[in-house]
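The values are calculated or read from the model by the stated rules, or taken from the named source; none is laboratory data. Quantities reported herein were computed from a predicted structural model and do not represent experimental measurements. Methodologically, a virtual Cβ is constructed for each residue, glycine included, from the backbone with ideal geometry; neighbour enumeration extends over all protein chains shown. With ligands, DNA and RNA removed, areas are computed over all heavy atoms of the protein, side chains included. Shrake-Rupley method; radii C 1.70, N 1.55, O 1.52, S 1.80 Å.
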Amino acid sequence: MDGSEMRRTLDHERVRGIDAFASASTIDELETVSVSILGRRSALGEVQRALGSLEEDERRVLGKLVNETRRELTEARDGRRAILEAAAEQDLLAADAVDMSLPGRRAPSGSLHPMTLVEDEIVEVFLRLGFRVAEGPEIEDDWHNFQALNIPIDHPARTMRDTLYVSIPGHPELLLRTETSAVQIRTMQSQPPPVYIVAPGRVYRRETADVTHLPVFAQVEALVVDEGITFADLKGTLEAMVKGLFGQERRIRFTPSYFPFVEPGAQIGVTCFRCDGVGCPTCGNGWIELLGAGMVHPTVLENCGYDSERYTGFAFGLGIERVAILKYAIPDMRMLIEGDVRFLEQFGAA
């Protein structure tokens, strides 16, 4: 390659390179063009390698021309790269742009579970009546859970209440409590009368889960022990509780029933939330069983060191789930434990 051919090549590569750089539409395309125009195997590279075959004077002139051509092409490439990078950044900013005119997107706020809402409301009713809250362990011993409540080892009432025993060496009497009545025993053992307590907590029973029953459920029990307490006090307290929870139109019904720890005892029913006492598939006869109640058995008082000739009292316990299905018209108690978010979202404003 002689000097004149080198000049023609340099002129051609200058024009071709500037046009090619200007036509590149992406950074990757620009890099490809740069290799073909400015790379070692490009026509410009061949001219630079052929300079050694020229005379010194001509080599000096053409060497300067090669450097000028390379600088011009490099500037054209770098200028195009700056333009493409700025355009890419603008596209990225546009893709991430936030339309400030759009309404805000708030994260959904959580809400209390309907069971928590109901428990808080029940406890609040009793606090307004002058009761205090008492709590106890979920793992109980046989004496507090059964024997102190007038349920000896051979008593038939244990049949449906003997449930989950805890395997701890040396302590065969421990079990998961079947009702929060054990809290009543512990309270009476720890203080003299008068006693006005409400005891919420989780309990465990041998139950088959259905529309109105669960094997593990939450319970609230109340206990009153004082001088001169009668069945009329029990009835008045229950009416105040039911009307406070379900409304003034709700009615209650006492049905005689047996519980070893009360005498006399009764099952308390509340008019059905669906049919208002007429009868429907949910309730069957217009009433939904709500709780068991009665006057504290003298033996229970004596077991706790109270004088049953001087003091009387009443006690009752209700499942919080039963109150929830009545209060919120829930057709199936099992919905409370299924964890369906669509169901739980209904109580966000409760």
> Which of the residues spanning the stretch 276-320 are charged (D, E, K, R) and under 42 Å from the mean Cα position of the chain (by Cα)?
Replying inline: ASP276, GLU289
> Can you name the residue in the stretch 39-49 that is open to solvent by 20 Å² or more (accessible area, probe 1.4 Å) and in contact (Cβ under 8 Å) with a residue 12 or more places away in the chain and, of all such residues, is nearest to LEU65 (Cα to Cα)?
Replying inline: GLN48
>> So ILE330 ticks every box in (1) modelled with pLDDT of 95 or more; (2) aliphatic (A, V, I, L, M); (3) closer than 27 Å to LEU245 by Cα but one. Which box is left unticked?
In response: (1)
> Mind checking which residues of the stretch 125-149 are in a loop (DSSP other than H, G, I, E, B), under 30 Å from GLY247 (Cα atoms) and in contact with a Phe, Trp or Tyr (Cβ under 9 Å, 6 or more places away or on another chain)?
Replying inline: LEU129, GLY130, PHE131
>> Based on this model, can you work out whether THR9 counts as at pLDDT 80 or above, part of a helix (DSSP H, G or I) and within 29 Å of ALA87 (Cα to Cα)?
In response: no
> Which one of the conditions (1) at pLDDT below 80; (2) more than 28 Å from SER257 (Cβ to Cβ); (3) more than 28 Å from the chain's Cα centre (by Cα) does THR163 fail to meet, given that it meets all the rest?
Replying inline: (2)
> Tell me, which residue of the stretch 24-38 that is touching a helix residue (DSSP H, G or I) at 6+ places or on another chain (Cβ under 9 Å) and loosely packed, with under 12 Cβ neighbours inside 10 Å is nearest to ASP11 (Cα to Cα)?
Replying inline: SER25
>> If I filter the stretch 187-220 down to residues being in contact with a Pro (Cβ under 8 Å, 6 or more places away or on another chain) and small (Gly, Ala, Ser), which single residue comes out as modelled with the lowest pLDDT?
In response: ALA209
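Yes/no per residue for (1) open to solvent by 60 Å² or more (accessible area, probe 1.4 Å); (2) touching a residue at least 60 places away in the same chain (Cβ under 8 Å); (3) within 30 Å of GLY244 (Cβ to Cβ):
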site	(1), (2), (3)
LEU62	no, no, no
GLU68	yes, no, no
THR74	no, no, no
ALA82	no, no, no
GLU89	yes, no, no
MET100	yes, no, no
ARG105	yes, no, no
PRO114	no, yes, yes
> Since PRO194 meets every condition but one in (1) open to solvent by 60 Å² or more (accessible area, probe 1.4 Å); (2) closer than 17 Å to ALA324 by Cβ; (3) in contact with an Asp or Glu (Cβ under 6 Å, 6 or more places away or on another chain), which condition does it not meet?
Replying inline: (2)
>> Against the condition open to solvent by less than 80 Å² (accessible area, probe 1.4 Å), in a loop (DSSP other than H, G, I, E, B), of a type outside the set (Asp, Glu) and more than 20 Å from TYR311 (Cα to Cα), how does PRO152 come out, does it pass?
In response: yes
>> Can you report the number of residues in the stretch 208-230 which are in a strand (DSSP E or B) and more than 27 Å from MET335 (Cβ to Cβ)?
In response: 4
> Does ALA157 count as out of contact with any Lys or Arg (no Cβ under 6 Å at 6 or more places or on another chain) and either under 30 Å from GLU121 (Cβ atoms) or crowded, with 22+ Cβ neighbours inside 10 Å (or both)?
Replying inline: no
>> Kindly evaluate TYR204 against the criterion of being among the aromatic types (Phe, Trp, Tyr) and in contact with a Ser or Thr (Cβ under 7 Å, 6 or more places away or on another chain).
In response: yes
>> So, SER4, is that one part of a loop (DSSP other than H, G, I, E, B) and loosely packed, with under 12 Cβ neighbours inside 10 Å or not?
In response: no
